[in-house]
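Taking it in order: structure first as structure tokens, then the write-up.
The values are calculated or read from the model by the stated rules, or taken from the named source; none is laboratory data. All figures in this text were calculated on a predicted structure; none of them were measured in a lab. Here the Cβ positions follow ideal geometry from the backbone for every residue, glycine too, while neighbour counts run over all protein chains shown.
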Amino acid sequence: MRFTVAIDGPAAAGKGTIGRAVADRFGFAHLDTGLLYRAVGARLLRGERAIDAARGLTPDDLANPDALRIPDVAQAASKVAVIPEVREALLEFQRAFAHRIGGAVLDGRDIGTVICPRAEVKLFVTASPEVRAQRRMEEMAAKGIDIAYDDVLADVRARDARDTERAAAPMVAAEDAVTLDTSDLSIAAAIAAAVDLVAARRET
Ligand code: C5P
């Protein structure tokens, strides 16, 4: 059985949490595609050319996701993500993952538009920049990283702008995506909405 759930949206809107919960609920595999761009960004910060880094990415680059979930790497990720050759180098891996037997959930920015335009379910998960910055700050604080709210908000806005305005695979809701605004939703309610959508599509 092949079944793909594509989840797109801006940083800290809840894509990852929803994606993991949907994958657990249906026994699908889950890929956080942002980690691929973060891994390329991390190699750029170590002095490598972005295109070479993308072409040479190995599982080792993803072995320590927490080290990739820091603000400097996030900014570097959104810079390398504007380069078409970088996106091209990461495309096949994502498509193969999406088509694996047993079902897959992918979250990112261009899953429903470019990577899996024929995904069975497409979700665009969003929330206001202020709510997202607050969530990201709390996530970081839980890991012992203290960052000022204003800095997190500036980071979120800078990445939103870069991700939305780039020419290559910009962040945009697919025409057939269902938009889920999580600004005023609990995590449980957001997950329930996503699970209901997938369950309904599986029955058709
Ligand atoms: O989702 P995450 O915040 O980890 O993504 C980091 C950066 O990677 C994003 O700001 C975006 O520029 C890029 N990205 C992308 N396409 C994806 C996933 C992430 O361009 N499918």
>> Restricting to the stretch 6-30, name every residue that is within 10 Å of the chain's Cα centre (by Cα) and under 20 Å from ILE70 (Cβ atoms).
In response: PRO10, ALA11, ALA12, ALA13, GLY14, LYS15, GLY16
> Pick from the stretch 105-138 the residues that are among the acidic types (Asp, Glu) and closer than 19 Å to ALA74 by Cβ: which of them is modelled with the lowest pLDDT?
Replying inline: GLU138
>> Given (1) free of Cβ contacts under 8 Å to residues at least 60 places away in the same chain; (2) within 20 Å of LYS15 (Cα to Cα), identify the lone condition not met by GLU165.
In response: (2)
> Out of curiosity, is ARG25 more than 9 Å from the ligand (Cβ to nearest atom), over 30 Å from ASP184 (Cβ atoms) and at pLDDT 95 or above?
Replying inline: no
> Can you tell me which residues in the stretch 92-143 are assigned to a helix (DSSP H, G or I) and either within 13 Å of LEU31 (Cα to Cα) or small (Gly, Ala, Ser) (or both)?
Replying inline: PHE93, GLN94, ARG95, ALA96, PHE97, ALA98, ILE111, GLY112, ILE115, ALA133, ALA141, ALA142
> For the stretch 28-38, what are the residues that are hydrophobic (A, V, I, L, M, F, W, C) and within 10 Å of the ligand (Cβ to nearest atom)?
Replying inline: LEU31, LEU35, LEU36
>> Can you pull out every residue in the stretch 24-46 that is among the basic types (Lys, Arg) and either part of a helix (DSSP H, G or I) or touching a residue at least 40 places away in the same chain (Cβ under 8 Å) (or both)?
In response: ARG25, ARG38, ARG43
>> Restricting to the stretch 159-193, give me the number of residues that are more than 27 Å from ALA77 (Cα to Cα) and of a type in the set (A, V, I, L, M, F, W, C).
In response: 5
>> Yes or no: the stretch 47-54 includes at least one residue that is assigned to a helix (DSSP H, G or I), free of Cβ contacts under 8 Å to residues at least 60 places away in the same chain and within 11 Å of the ligand (Cβ to nearest atom).
In response: no
>> List the residue pairs whose Cβ atoms are under 6 Å apart, where the first residue sits in the stretch 73-85 and is farther than 14 Å from ASP160 by Cβ, the second is near the ligand (Cβ under 8 Å from one of its atoms) and in a helix (DSSP H, G or I), and the two are 6 or more positions apart or on different chains.
In response: VAL73/ARG38; VAL73/GLY41; ALA76/GLY41; VAL80/GLY41
